[in-house]
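Scroll down for the structure; my scribbles are underneath it.
The values are calculated or read from the model by the stated rules, or taken from the named source; none is laboratory data. These numbers come from a predicted model, not from an experiment. Please note: Cβ atoms are built from the backbone with ideal geometry, for glycine as well, and neighbour counts cover all protein chains shown. We work out accessible area using only protein heavy atoms, side chains counted, and drop any ligands, DNA or RNA first. Shrake-Rupley method; radii C 1.70, N 1.55, O 1.52, S 1.80 Å.
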Amino acid sequence: MTTRPRPGNEEPDITTSESQRIFQLEEEVGQLKEAVASHAVVDQAIGMLVALGHVSPDQGWEVLREVSQHANIKLRNVAEMILIWGRDGDLPEHLRVLLEETLDRYGPTQLPEDPRSR
C-alpha cells in the first residue's frame, strides 16, 4: 500500500519552463530597480542644472544629454559626476568646461567657482 501526501503538503512541481520564467522575472526586476535608481540620479542632476544654470527642466535634460554625447561618457555617469560636484565641488576640468559651454548656449551661465582654484 502506498501512502499519498495529505492535501497541501505536496512538493511544488516546478517545470523547467516555470523556473526559466522565474529567472527571467527576477532579472527583469533587477533591471527595473537599476532603471529607477538611474532615473533618480539623472533627475537630481537635471535639478542642479536648473538651479545653477537657470534653465528649464527640459533644457537641463538637453544639456545633460549633449554633455554626455560630447564627452563620450554615459549619461548616468555624467549625472553622477554632477551630483558629486554639487556635494564636493569636484568636477573634472574638461567636463566643467563642456558643461559651462553647453549651458551658455541656453543662456548666460556662471557656474560656481571651483573651490580648488582659489
In segment 63-92, the residues that are polar (S, T, N, Q) and part of a helix (DSSP H, G or I)
SER68, GLN69, ASN77
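Can you tell me which residues in segment 87-104 are of a type outside the set (Asp, Glu) and open to solvent by 80 Å² or more (accessible area, probe 1.4 Å)? Even if it seems obvious, please write down each step before you answer.
Step one: list which residues in segment 87-104 are of a type outside the set (Asp, Glu), which gives 87, 89, 91-92, 94-99, 102-103.
The answer is ARG87, HIS94.
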How about segment 66-83: which of its residues are exposed (fewer than 15 other Cβ atoms within 10 Å of the Cβ) and either within 18 Å of HIS39 (Cβ to Cβ) or acidic (Asp, Glu) (or both)?
LYS74, ASN77
